[in-house]
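Working notes, structure below.
The values are calculated or read from the model by the stated rules, or taken from the named source; none is laboratory data. None of the values given here were measured: they were computed from a predicted structure. Positions of Cβ are generated from backbone atoms using ideal geometry, with glycine treated the same way; all protein chains shown enter the neighbour counts.
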Amino acid sequence: MRRCVTVLSCLLVVLLGGAGTAAAGPGGYAPLDRRGPALSVPADQLAASLHCNGPIGTGGRAPVLLVPGTTMDPAVGFSWNYERAFDALGWRWCAVTLPADATADIQVAGEYVVSALRTMSRQAGQRVDVVGWSQGGMVGRWALRFWPDTRALVDDLVGLSPSNHGTTVADLACRDSCTPANWQQRSISAFTAALNSRAETFAGISYTVAYTRLDEIVVPNAGPTPSSALRTGAGQIANVATQDVCPLNTADHFAIGSYDPVGYAIALDALTHAGPAVPARISRTTCAQPFQPGVDPATFATDYAAFLSYAVDSDGDAAKTPAEPALRPYVFAGR
């Protein structure tokens, strides 16, 4: 485990990287409706990555796929908050484990999400909801962009401070080497450009972005054009800052993905109504709550400390590389 002077300085090193953007290949990016490629990850590995809170049968409300952020394992990230909250509601959920604690090539991580969506939708006989934090709120969009069949499998996509347009902090933080996922989450990366090519959202899907203007990792998330926000395409979009609901909310990047009651309330509003979240529907009593449902006040200190400790532990991370991974041929029109 690496040693760091402060938690924040370590998190910046873990999560971020920097370099220039590669241009799109000949003919530009792939058409929106081109069939996605065959999955390159063996089927048994994809199946083993999905953990659910019980059998997913037909009937009932849509199951929820939980997707962790960079450097995070879903058990560490969600077991003490969202999983408990959904269990209490009687909801079915699954969590997907991404390679190398979500620090490897996000193009490969996207295949895990594709497989999870197909599996859950097939077993449930209906569309699936997705909730993800940080990279986890963005990687589902990679699946939707380059595997068009998944668009009919998703009802709501909820991102908690997702890295939809990368982060300018990453543009400066690494000069020589970073893990693949960190390179890709730069605002100037080839991956970010491809992710947002042609359209950011798709018809029939409700997109809710819950973000905080005090985000210190996904930057800028304050001002008129927050990095997390979605802007284009035919999907229904709601970009909601926690401060839009509770002006004095102080959640940072890590709080909104783990214990912040306002981020949770935004997500739950989206999941319990048709279309994306509507801030006016959220009770202002939320602003007085210290924790979201699922968080045990008696164990919060140790749960959150374990969460932060895991986030800065590099033991399970992918090896650092001197440059961003090359975009796969399927990304381009002239493959």
- Item | Residues of the range 307-316 that turn out to be of a type outside the set (S, T, N, Q), assigned to a loop (DSSP other than H, G, I, E, B) and surrounded by 11 or more Cβ atoms within 10 Å (Cβ to Cβ), as a count | 3
- Message: Report every pair of residues separated by at least 6 positions or lying on different chains whose Cβ atoms are under 6 Å apart, first residue within the range 287-306 and part of a loop (DSSP other than H, G, I, E, B), second buried (at least 16 other Cβ atoms within 10 Å of the Cβ) and aliphatic (A, V, I, L, M).
- Response: PRO293/ALA85; GLY294/ALA85
- Which listed residue, of VAL240, VAL262, VAL245, is free of Cβ contacts under 8 Å to residues at least 60 places away in the same chain, within 16 Å of the chain's Cα centre (by Cα) and buried (at least 23 other Cβ atoms within 10 Å of the Cβ): VAL240
- Query: Among ALA280, ALA319, which is surrounded by fewer than 16 Cβ atoms within 10 Å (Cβ to Cβ), aliphatic (A, V, I, L, M), in a helix (DSSP H, G or I) and out of contact with any Phe, Trp or Tyr (no Cβ under 6 Å at 6 or more places or on another chain)?
  - Reply: ALA280
- Note on the structure: (1) loosely packed, with under 15 Cβ neighbours inside 10 Å; (2) more than 16 Å from VAL114 (Cα to Cα) all hold for GLY69 apart from (1)
- Looking at the range 30-47, which of its residues are under 16 Å from GLY334 (Cβ atoms) and either of a type in the set (A, V, I, L, M) or part of a helix (DSSP H, G or I) (or both)? ALA30, LEU32
- Condition check for ALA104: touching a residue at least 60 places away in the same chain (Cβ under 8 Å) and surrounded by fewer than 24 Cβ atoms within 10 Å (Cβ to Cβ): yes
- Query: Is one or more of the residues making up the range 270-279 touching an Asp or Glu at 6+ places or on another chain (Cβ under 8 Å), farther than 30 Å from SER189 by Cα and among the β-branched types (Val, Ile, Thr)?
  - Reply: yes
- Message: Given the criterion at pLDDT 95 or above, closer than 28 Å to VAL76 by Cα, more than 17 Å from the chain's Cα centre (by Cα) and hydroxyl-bearing (Ser, Thr, Tyr), identify the matching residue among THR250, THR208, THR212, THR192.
- Response: THR250
- Item | Qualifying positions in the range 252-271 - in contact with a helix residue (DSSP H, G or I) (Cβ under 6 Å, 6 or more places away or on another chain), assigned to a helix (DSSP H, G or I) and of a type outside the set (Val, Ile, Thr) | PRO261, GLY263, ALA265, ASP269
- Message: List pairs: first residue in the range 117-128 and aliphatic (A, V, I, L, M), second residue part of a helix (DSSP H, G or I) anywhere in the structure, Cβ distance under 7 angstrom, at least six positions apart or on different chains.
- Response: LEU117/ALA143; LEU117/THR150; LEU117/LEU153; VAL128/LEU117; VAL128/MET120; VAL128/SER121; VAL128/LEU153
- Single condition ALA333 does not satisfy, out of (1) crowded, with 21+ Cβ neighbours inside 10 Å; (2) under 27 Å from ALA181 (Cβ atoms); (3) of a type in the set (A, V, I, L, M, F, W, C); (4) over 19 Å from the mean Cα position of the chain (by Cα): (1)
- Report yes if some residue within the range 3-26 is surrounded by 16 or more Cβ atoms within 10 Å (Cβ to Cβ) and at pLDDT 95 or above; otherwise report no. no
